[in-house]
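Colleague: I am attaching a structure below and will ask some questions about it afterwards.
Derivation of every value follows stated rules applied to the coordinates shown; laboratory data play no part. All of these numbers come straight from a predicted model, not from anything done at the bench.
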Amino acid sequence: MVVEHKEDIVDKVESDVNAKDVSDQEMTGEENEGEESDEDVYVVERITAHKTKKNGQTSYLIKWKDYPESENTWEVEENVFDKSIIKEYWAEKDAEKAARANKRKSNGGAAAASKTSPLPSPGTKESKRRRAEVKPTLDDDDGTAPDADDWEPLVSEIETIDRVEDGTLIVFVHWKDGRTTEHPAKVVYKKCPQAMLKFYEERLRFRSK
């Protein structure tokens, strides 16, 4: 019969408890790693639009990689960690603006004919390419729109017009302070009809005799 001393028994119990604690910690670490690996990782594929509030805060409409267009979300600039994506977006905007300016110059030099083609309908290939048919968030009450009945003195140009899924026409307005906002067409027709007329006139196509 083996008789163990009291001290030996205590040491053995403490050793068993410590071994169990280490094992539990290892299992907990493995579980945490498994939970972390199961979390979704969101990667920015591209930026499709932007809007700027009066306070200068800019938000971007993000297309997420491996997610459909319906999952696009508005994110403030601080939440877009890959700044190269933002630089690419603005480079594309500058290129589009330069292309529109060159197009206006070439159209202005063309001779007018007696017959003209019908006005292009909103939602053309140009606007669809810019917006990728994403329904925008219309929040005129967040300070993005001027508090004025007449927008004409404040508008730089109408950038494009798009039609969203429910058939609503959305107008992208570029302001003289550098902001670009989006509004229902019925609002823009009322606030700045001359800017809308200019948008259509610049896109007239004249037939040669």
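Colleague: Do any of LYS65/LYS191; LYS93/LYS198; LYS97/LYS186; LYS93/LYS191; LYS51/LYS198; LYS53/LYS93 go past 28 Å between their Cα atoms, and which?
Modeller: Values: LYS65/LYS191 38 Å; LYS93/LYS198 20 Å; LYS97/LYS186 25 Å; LYS93/LYS191 25 Å; LYS51/LYS198 23 Å; LYS53/LYS93 19 Å.
Going by Cα-Cα distance, LYS65/LYS191 fall outside the 28 Å limit.
Colleague: So what is the relative contact order for the range 147-209, in percent, with contacts set as C-alpha pairs under 8 Å and at least six apart? Intermediate results must be reported in sequence, preceding the final value.
Modeller: Values: 76 pairs, mean separation 19.0, N = 63.
Normalised by residue count, the contact order of the range 147-209 is 30 percent.
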